[in-house]
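Structure record follows, encoded as structure tokens.
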Amino acid sequence: MDQNQKRFSHNDSHVVVIVGSGAGGGTLANELAQKGIDVVVLEAGALHTQGDYLTDEWGSFQQLAWLDKRTTSGNWRIAKDFPNLPAWICKTVGGTSTHWAGASLRIQPHEFKARTTYGDIQNASLLDWPVTREELDPYYDRAEKKLGVTRTNGLPGLPGNNNFKVMSAGATKVGYTQCNTGHMAINSIVRDDRSHCFQRGFCFQGCRTGAKWSTLYTELPRGQATGHLELRTQAHVVRVEHDARGKASGVVYYDAQGKLQRQKARAVAIAGNSIETPRLLLNSHSGKFADGLANASGQVGRNYMRHTTGSVYATFDQKVEMYKGTTMAGIIEDEARNDPKRGFVGGYHMETISLGLPFYAAFLNPGAWGPAFTQAMDQYANTAGMWIVGEDMPRATNRVTLNNDVKDQYGQPVANVHFDDHPNDEAMREHAFKQGSAVYEAVGAKTVYRVPPYPSTHNLGTCRMSARPEDGVCNAHGQTHDIPNLFVSDGSQFTTGAAENPTLTIVALAIRQSDYIAGQMQRRAL
Ligand SMILES: Cc1cc2nc3c(=O)[nH]c(=O)nc-3n(C[C@H](O)[C@H](O)[C@H](O)COP(=O)(O)OP(=O)(O)OC[C@H]3O[C@@H](n4cnc5c(N)ncnc54)[C@H](O)[C@@H]3O)c2cc1C
Ligand code: SF4
């Protein structure tokens, strides 16, 4: 953290307060600061940098992950396997952009029109986004430049590692034609004052070289350097406050010493990732807003999506050493189309994945033990792996609610995450398991493992954008329908999940939102 950063008074009511410093919040903060708008970023996590990252998988998880209690319900296997860990999200400066793998894909045009394209799917709450791909393209351009996404803007692709070579050979044999080393927010050359990727691997533990984009060492310090951004760490926001007219007036947070503080604000933007964002809105209920802020529609927390995931791992006669090189080193795109003839709407990607041995043991088949399990562990060096990421159906009943029976360290009700798989999700996962297995079997796999989804890394949709206020929480700019100076600035905004890893879109939306906020301020509408 820049010790010389500008500091703003708690009573300064002209600042924009941003909750969370991850992909959404960190980007929005820097974009606003670059325009000369004063910003205070409140981040619940502590500062961890390349200097203190740990090369120990569980140690790194303990260091970076959000471990405050959450609860779960629903028929998803997570509720049984990881009842207090529905999601794999970070609580650290830079948020989950410290942990992420860097896959950066644009949502496809038809996915912005999911309701129109897929029709009326039973027990799903599909809706078209109030923004089109065409409208978002200029912001995707800016996001790809910012992140240095490989194979865009003339940047070379990353070299494929062994894990990719196995997947690519299998893909060709199966007849796929769109298998490549992906679009990654990882420097393939020295650029942006950061190193190129050293292919050291274990990208989830934080990138020591800084080759992988993270708000930690790009957006946040650049924003601080403008003199318009103050970052406060270990500042856990528990409440957004409003004035008598119902406009957001500031936030209340616990500081690093556990002392309650109040920061006044001209506008508030919440980017706590899609579980904490609705939780904060719900916990901010008041006499005027008994059901929580921005919740006149009753939609806050609903339509929680987490992508249809799962992994396929396979063992081979020869060594693969999947852990060498970038964690996500390649992608098969052929199944990402919408082709209902396959028995489901929407599509999915297959992306190489590699977990360290401790996570591999924990996620392969939670609860399993005995000879078959130890054999799988023994074969670790000879194992290749891929992760499935597909569009899941939004459902009003899949939702984040407050669990008033369980409180966190600040006495606040924790989030309960309820999720039932939709039949479309199950049909897609089955198809992907079959296709993923075929890819590995085509190149001589000895054993293939279908691995269930682990705690959700892509958390989306709990404060969705909608054209009509009654269908969602915010408009096409992330501005809440009910409170004009209250914004949602993370993946909670997603109207539907699409089949693409979400962060590039979160960043594109944050850039677009910053232009909108600046314009509103100029017109004195904020
Ligand atoms: C292992 C892993 C791999 C991933 N790989 C990819 C990938 O390859 N491609 C991709 O697109 N996405 C990937 N993701 C997902 C990606 O990291 C997220 O989509 C992205 O970081 C979300 O951005 P965000 O701003 O919504 O939230 P985050 O980046 O999670 O930031 C939220 C921040 O808000 C803070 N916060 C929350 N509540 C409060 C509060 N009340 N007060 C103060 N601060 C608060 C948190 O501490 C956190 O720092 C991956 C995620 C994981 C875990
Ligand atoms: S493999 Fe590349 S992106 Fe991943 S941690 Fe190493 S240097 Fe960073």
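The values are calculated or read from the model by the stated rules, or taken from the named source; none is laboratory data. The model shown is predicted, which means the values in this text are computed figures rather than measured ones. Cβ atoms come from the backbone with ideal geometry, glycine included; neighbour counts cover every protein chain shown.
All of R245, R239, R208 fail the test of being farther than 19 Å from K6 by Cβ, of a type in the set (D, E, K, R) and within 14 Å of ligand 2 (Cβ to nearest atom), apart from R208. Against the condition surrounded by 23 or more Cβ atoms within 10 Å (Cβ to Cβ), in contact (Cβ under 8 Å) with a residue 12 or more places away in the chain, out of contact with any helix residue (DSSP H, G or I) (no Cβ under 9 Å at 6 or more places or on another chain) and not in a strand (DSSP E or B), how does A114 come out, does it pass? Yes, satisfied.
Between A269, A290, the distinction of being hydrophobic (A, V, I, L, M, F, W, C) and surrounded by 19 or more Cβ atoms within 10 Å (Cβ to Cβ) belongs to A269 only. Scoring Y454 on the criteria (1) touching a strand residue (DSSP E or B) at 6+ places or on another chain (Cβ under 6 Å); (2) buried (at least 22 other Cβ atoms within 10 Å of the Cβ); (3) of a type outside the set (S, T, N, Q) leaves a single failure, condition (1). Would a scan of the range 58-71 turn up a residue that is surrounded by fewer than 24 Cβ atoms within 10 Å (Cβ to Cβ), farther than 25 Å from L281 by Cβ and within 11 Å of ligand 1 (Cβ to nearest atom)? Yes: the range 58-71 contains one or more residues that are surrounded by fewer than 24 Cβ atoms within 10 Å (Cβ to Cβ), farther than 25 Å from L281 by Cβ and within 11 Å of ligand 1 (Cβ to nearest atom). Out of R239, R208, R222, one residue alone is among the charged types (D, E, K, R), surrounded by fewer than 22 Cβ atoms within 10 Å (Cβ to Cβ) and either free of Cβ contacts under 8 Å to residues at least 40 places away in the same chain or assigned to a strand (DSSP E or B) (or both). It is R239.
Taken together, the residues in the range 234-260 that are among the aliphatic types (A, V, I, L, M) and near ligand 1 (Cβ under 10 Å from one of its atoms) amount to 5. Considering the range 225-236, and only residues there that are part of a strand (DSSP E or B) and closer than 30 Å to W58 by Cβ, the residue that is nearest to ligand 2 (Cβ to nearest atom) turns out to be L231. Residue pairs whose Cβ atoms lie under 7 Å apart, separated by 6 or more positions or on different chains, with the first residue in the range 30-59 and of a type outside the set (V, I, T) and the second surrounded by fewer than 15 Cβ atoms within 10 Å (Cβ to Cβ) and assigned to a helix (DSSP H, G or I), are E57/P358; W58/P358.
Conditions tested, residue by residue: (1) within 15 Å of ligand 1 (Cβ to nearest atom); (2) in contact with a Ser or Thr (Cβ under 8 Å, 6 or more places away or on another chain).
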site	(1), (2)
G160	no, yes
D192	no, yes
C197	yes, yes
F202	yes, yes
P221	no, no
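With respect to the conditions (1) crowded, with 20+ Cβ neighbours inside 10 Å; (2) within 16 Å of ligand 1 (Cβ to nearest atom), R151 falls short on a single one, namely (1).
Conditions (1) away from ligand 2 (no atom under 16 Å from the Cβ); (2) aliphatic (A, V, I, L, M), marked per residue:
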position	(1), (2)
L42	yes, yes
W58	yes, no
F61	no, no
G94	no, no
I121	yes, yes
W129	yes, no
R133	yes, no
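The residue list T327, T309 contains one member that is under 30 Å from K212 (Cβ atoms), within 16 Å of ligand 2 (Cβ to nearest atom) and β-branched (V, I, T), which is T327.
You will find that of R306, R337, the residue that is basic (K, R) and surrounded by fewer than 22 Cβ atoms within 10 Å (Cβ to Cβ) is R337 and no other.
Total residues in the range 73-111 satisfying the condition of being farther than 21 Å from R302 by Cα and surrounded by 22 or more Cβ atoms within 10 Å (Cβ to Cβ): the figure is 17.
Of all residues in the range 400-409, one or more are at pLDDT 95 or above and under 25 Å from E426 (Cβ atoms). Checked against the criterion of being modelled with pLDDT of 95 or more and within 12 Å of ligand 1 (Cβ to nearest atom), the candidates I332, I275 yield just one match: I275. Within this structure, L231 fails the test of being under 21 Å from P413 (Cβ atoms) and either surrounded by 19 or more Cβ atoms within 10 Å (Cβ to Cβ) or small (G, A, S) (or both). Within the range 128-138, the set of residues being part of a helix (DSSP H, G or I) and crowded, with 21+ Cβ neighbours inside 10 Å comprises just one member, L136.
Residue pairs whose Cβ atoms lie under 6 Å apart, sitting 6 or more positions apart in sequence or on different chains, and linking a residue in the range 480-491 that is more than 16 Å from ligand 1 (Cβ to nearest atom) to a partner that is part of a helix (DSSP H, G or I), are H481/P469. Residues that are touching a Phe, Trp or Tyr at 6+ places or on another chain (Cβ under 7 Å), farther than 17 Å from R512 by Cβ and either within 16 Å of ligand 2 (Cβ to nearest atom) or assigned to a loop (DSSP other than H, G, I, E, B) (or both) within the range 452-490 comprise Y454, P455, T457, G461, T462, listed in sequence order.
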